[in-house]
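I have placed the structure first, in the form of structure tokens, so that the comments after it can refer back to it.
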Amino acid sequence: MTRTRRSFFLLLTFLSISLTAAAPVQVADIGDLTLENDQVIRDCQVGYRTFGKLNFWKSNVVIFPSWFGGTSAGTANLVGGPDKLVDSTKYYVICLDALGDGISSSPENSVTQPGEEFPRFTIGDMVKSQYRLLTEVLGLKKIYAVIGGSMGGMQAFEWAVRYPDFMKKVIPYVGSTRLTSNDLLFIEAELSAIRNGKACGMPEEGIREIVARIQSMVVQTPAYRVRNTSPETFPDYLAGVDAGFETFFRTNDWEAQLYAMQSHDIARPFDGDMEQAAKAVRAGMLIIVSQQDHIVNPTPAIEFARLTGAELVVFENDCGHLAPGCEMARFVEIVHQFLDK
């Protein structure tokens, strides 16, 4: 496999192109979901996939919410035997579909609130919908752990402060407690491309092309791209990026999740005081960041690790937002040690 193809393979894996057969998706109706802005998602649907066996005490449940632009089919690629990130021979793993991912209730799949009629939701609303699925539909009173990457990491942080006694362990990786100005700049760049594209009547493929280039430019570092993609192989790389985004990009869903991340701040219920948010945490935490992350700056997560006394792991390679995947064996070992101890 060439460096260009290997680099693109890593990108697609993180963005949730399903490369292996996954357990079938199930979709539960949790009824109307009242959002933080007091709007309502009617007949809210939450998608999920399950792996492994639930033990007698129902004490081995690990939930894995989806990342930005991804679905439970993507997180499913990280679940399996002892060599996978989450070992489903030990744990009962529930891969969850976040609102706006095209499986759970989203602008693109809603019958009663389609497209622009779909209400704005937050990362906290995603977690609330998942909590209702777990408690009201699946009958769980507690779970063992939450793990999530990128936007899934943002959800993991929300879980830690919104439902502090519901789980024993929380593992956010390349996620954040609130966004920095650099994170907001990246999000605003993509939102501007979508808003202006819509205003100009640009077809979805045109909007998708612009967003794909913005996303791909920041998901890894310049040093990584220069080293792994030569000018001669760049057309092949770019064609692969476009083909990948064509598989999963839906304008309204992508925009909805961007708005959710834009407003993300786990300290909002604590009057913006992050120290108070940290005091709410009851679960043990393992926080994993990438030192050279150009999408989710690691500073807020590092500071939260200090405030909570959480275990902190910093990946220092130049793979950017995808840093853990570039050291997969180490990543798996770190997560397994934390979950198993």
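The values are calculated or read from the model by the stated rules, or taken from the named source; none is laboratory data. Bear in mind that the values here come from a model prediction, so they are computed numbers and not experimental data. Cβ: placed from backbone, ideal geometry, glycine included. Neighbour counts: every protein chain shown.
Can you tell me which residues in the stretch 76-101 are buried (at least 20 other Cβ atoms within 10 Å of the Cβ) and in a loop (DSSP other than H, G, I, E, B)? Within the stretch 76-101, 85, 88, 91, 97, 98, 99, 100, 101 meet the criteria.
Checking each residue in the stretch 303-341 for being of a type in the set (Val, Ile, Thr) and within 20 Å of the chain's Cα centre (by Cα) picks out 313, 314, 332, 334, 335.
Restricting attention to the stretch 170-184, the residues being of a type in the set (Ser, Thr, Tyr) and either part of a loop (DSSP other than H, G, I, E, B) or at positive phi (or both) number 3.
Scan the stretch 226-244 and give yes if some residue there is crowded, with 18+ Cβ neighbours inside 10 Å, under 26 Å from residue 41 (Cβ atoms) and among the hydrophobic types (A, V, I, L, M, F, W, C), otherwise no. Within the stretch 226-244 (the criterion being crowded, with 18+ Cβ neighbours inside 10 Å, under 26 Å from residue 41 (Cβ atoms) and among the hydrophobic types (A, V, I, L, M, F, W, C)), the answer is no, since none of the residues qualifies. Among the residues of the stretch 132-157, how many are in a helix (DSSP H, G or I) and either modelled with pLDDT under 95 or under 16 Å from the mean Cα position of the chain (by Cα) (or both)? Here the count works out to 7.
When you check residue 112 against the structure, is it of a type in the set (Ser, Thr, Tyr), surrounded by fewer than 24 Cβ atoms within 10 Å (Cβ to Cβ) and in contact with a Lys or Arg (Cβ under 7 Å, 6 or more places away or on another chain), yes or no? Here the answer is yes, as residue 112 does meet what is asked. The criterion of being aliphatic (A, V, I, L, M), assigned to a loop (DSSP other than H, G, I, E, B) and over 20 Å from residue 339 (Cα atoms) does not hold for residue 167.
Matching residues to (1) touching a Pro at 6+ places or on another chain (Cβ under 8 Å); (2) in contact (Cβ under 8 Å) with a residue 12 or more places away in the chain; (3) of a type in the set (Ser, Thr, Tyr):
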{"position": "118", "(1), (2), (3)": "yes, yes, no"}
{"position": "126", "(1), (2), (3)": "yes, yes, no"}
{"position": "131", "(1), (2), (3)": "no, yes, yes"}
{"position": "142", "(1), (2), (3)": "no, yes, no"}
{"position": "155", "(1), (2), (3)": "yes, yes, no"}
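Condition check for residue 150 on (1) of a type in the set (S, T, N, Q); (2) surrounded by fewer than 20 Cβ atoms within 10 Å (Cβ to Cβ); (3) on the phi > 0 side of the Ramachandran plot: one failure, at (2). A residue that is surrounded by fewer than 17 Cβ atoms within 10 Å (Cβ to Cβ) and under 18 Å from residue 145 (Cα atoms) can be found somewhere in the stretch 295-311.
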